[in-house]
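Contents: one structure, followed by commentary.
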Amino acid sequence: MHKSAGIIIKDKALLVLRSKGKDTFYAPGGKLDSGETPEQALCRELREEVGIAVREGDLTAFGRFEAPAHDKVGVTLIMDVFFVDSYAGHVVASNEIEECKWVDSSNVDNISISTIFRNDVFPQLVVQGLVN
């Protein structure tokens, strides 16, 4: 499974989302449609999930990560992660998103976050001083 995800930071906190009926938060983004690049998929998903407009030129590669897919036994998730350097609009949950949350070190342990962001991305953001 191949997905792309965005790092959106405000006031040294990271944006995470929770879909309706789910208990785990994840970074904005999603699966690539056939023929899409990771950048194209992320721009589309950001518009669909939280109503912001992002151009491919507004993305900076952060890294590619692999981990077992959440709730899918035997499936490996490959995730391309990008900084979202700028966007137009305001972050607002769409009809598929139940909750948007800004997390930092003070509250990240109080919620369930997807494996790649909990174990790989978030710690790097803290070390780099981008998230408290």
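Taken together, the values in this text are just the output of simple stated rules run on the coordinates, not laboratory data. Small disclaimer: the values here were computed from a predicted structure and weren't measured. Note that we place each Cβ from the backbone using ideal geometry, even for glycine, and neighbour counts take in every protein chain shown.
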**Request:** Show me 32-38, 70-76, 97-103 ranked by packing, highest mean number of other Cβ atoms within 10 Å first.
**Result:** 97-103, 32-38, 70-76
**Complete:** Rounded to the nearest Å, the spacing of the alpha-carbon centers of region 25-43 and region 70-99 is 8
**Asked** How big is the antiparallel share of DSSP beta bridges in region 2-127, given as a percent to the nearest 5?
**Response** 75
**Asked** Say each of Glu99 and Thr76 gets a label point 7 Å from the Cα, pointing the same way as Cα to Cβ; how far apart are those two points in nm?
**Response** 3.3
**Request:** Express the relative contact order of the chain as a whole percentage, based on alpha carbon pairs under 8 Å and six or more residues apart in sequence.
**Result:** 33
**Request:** Kindly write out, for region 88-97 in residue order, the coupling ³J(HN,Hα) from the Karplus curve 6.51 cos²θ - 1.76 cosθ + 1.60 (θ = phi - 60°), rounded to whole Hz, with x marking Gly and Pro.
**Result:** 10, x, 10, 5, 9, 5, 7, 5, 8, 9
**Request:** State to the nearest 20 debye the size of the charge dipole of the chain about its Cα centre, where the only charges are +1 on K and R beta carbons and -1 on D and E beta carbons.
**Result:** 140
**Selection from Met79, Ala67, His2, by position along the positive dipole direction of the chain (Cβ)** = Ala67
**Asked** How many nm is it between the label spots at Lys22 and Glu48, if each spot is 7 Å from the Cα in line with the beta carbon?
**Response** 1.2
